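No value in this document is a laboratory result; all are computed from the given coordinates. The structure displayed is predicted, hence computed values, not measured ones. Because the Cβ atoms are built from the backbone with ideal geometry, glycine has one as well, and the counts that use them run over all protein chains shown.
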Amino acid sequence: MTTATKARSTLGRLAPLTGFAALALVVPAGPAAETADAKVKVGVYQDNPMRQLAPLRKPAGNKKIRTVSTYVTAGAPLSPSLIRYANRNRIRLIITWYPDGGKAGARQKKYNLARIKGGKQDKNIRALGRQTRALRIAPIIRPMPEMNTPWYPWSGKVNGNTPGRYRLAFRRVSARFKAAGGKRLQIMWSPYVRSIPDRTGNEFAVYYPGAKHVNIVGVSGYNFGNVKGLAWTEPYDLFRVAYRDIIAIAPKPFWIAETGSTNKGGDKSLWMTRLLKLDSRLPRLKGVVWYDVKERSGDFRVRQNKRTSRVFAAQVRRRAR
C-alpha cells in the first residue's frame, strides 16, 4: 500500500457503530424506483483509474462511468495524465484535498488548522485550483473531509485544532480554490458518517462553515461486515442519521462521497443494489462514489465476484449520467 493510499485508508474507521436503530430498508417498487435510476450519479475511487476503469466501463457500456474520485495531498499537483484522461473520456473529477503532506497520522503540526487558516497552504491551493481550469468538466473539490474523527491533521479535536478553527480554515480554502479555479468549481463539505467521539462539541453542526462556502454536502461510510466486533449494516441504517442531521443544517445536494461493502456476513450484491435505491428515502441524494479497493480492512471492490460485477454494471447502465 502506498503512502498516499495509507492516508485515505479505511483502516482507521473500524470502530463499533453506535446510535443507529435497526430499521429495515423498504424500497418501493414502480415509479419511485424508476425515479431513483435517473437521479443518482455513480462514481468510483480507484488507485489507478487510467488502468483500472476500463474493465468497469466495458460491461456497463462504453463511457458510462463519468465520475471519478481522486486524492491530492498538500503541495502535490493533479496528475496531468489524469487531466488528459478525464477530458478525453468526459469524466468529472471529485478532487479530495488532503493537507497532510502524504503522511498518515494526525500529529502533523505543519498541517494543523491554525496554519491553514493563516494562509500556509494558499500557494498550494492556488496551484491546484489553476490546474482545474484545464478540465473540460468542472470538478468537485472536497477539502479536508472526515473532520469529525481523530484521524487527520485537520481533525477538529487533535493537533491543536478546534471546530471553530476548522470552519475558518474551510472558508479560506473554499475561497482560495474558487479564486484560482473559477466559480464553476463545486465545493463539497463531507464529514464521516458518525462523529468519533460521539459527544457534545463534536457534532456535524459545529464543523459546518456556512452555506456560502459549500455547494454540495456529503458523507463517507462503510459496511465492514461482521469483523472485529462490528455487525453487518444495511445502507439505510448506515446513512439515515447522518443524512437527517446534515440536511437539517445544510439543505443542499447530498453525496455519499466514499462507500463500499465487504461480503463478510451478508449479501454484498444485494447491499450494492439497495444503496442506489436510497433516494426513495433520502430525497436529496444525488451521487454515490464506490471505493473500489481491496485492502486489509476488507475487499470493497465492485467486481469482487460475478454477482457484484453484474450488479455494478447494471447500476451504471441505468444510473450513470
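A few comments on the model shown:
- Rounded to the nearest 20 debye, the dipole magnitude of the chain is 1360 debye, with +1 charges on Lys and Arg beta carbons, -1 on Asp and Glu beta carbons, and the Cα centre as origin.
- For segment 164-203, the convex hull spanned by the alpha carbon atoms encloses 68 Å³ per residue.
- Compactness index (Cα Rg / 2.2 N^0.38 Å), segment 196-300: 1.12
- The convex hull drawn around the Cα atoms of the chain, when projected onto a plane and averaged over every direction, covers 14.7 nm².
- Over the chain, relative contact order from alpha-carbon pairs under 8 Å, at least 6 apart, %: 23
- Fully extending the segment from residue 79 to residue 123, taken as 0.36 nm per residue of separation minus the present Cα-Cα distance, adds 14.1 nm.
- The residues 44, 193, when put in order of fewest to most other Cβ atoms within 10 Å, stand as 44, 193.
- Extension gain (nm, one decimal) between residue 317 and residue 274, 0.36 nm per residue minus Cα-Cα: 13.9 nm
- Rounded to the nearest 20 debye, the dipole magnitude of segment 226-321 is 440 debye, with +1 charges on Lys and Arg beta carbons, -1 on Asp and Glu beta carbons, and the Cα centre as origin.
- For residue 88 and residue 310, the difference between the fully extended length at 0.36 nm per residue and the C-alpha to C-alpha distance is 77.3 nm.
- Whole-angstrom gap from segment 270-288 to segment 141-163, using each part's C-alpha centre: 27
- Take every DSSP beta bridge whose two residues both sit in the chain; close to 5 percent of them are antiparallel.
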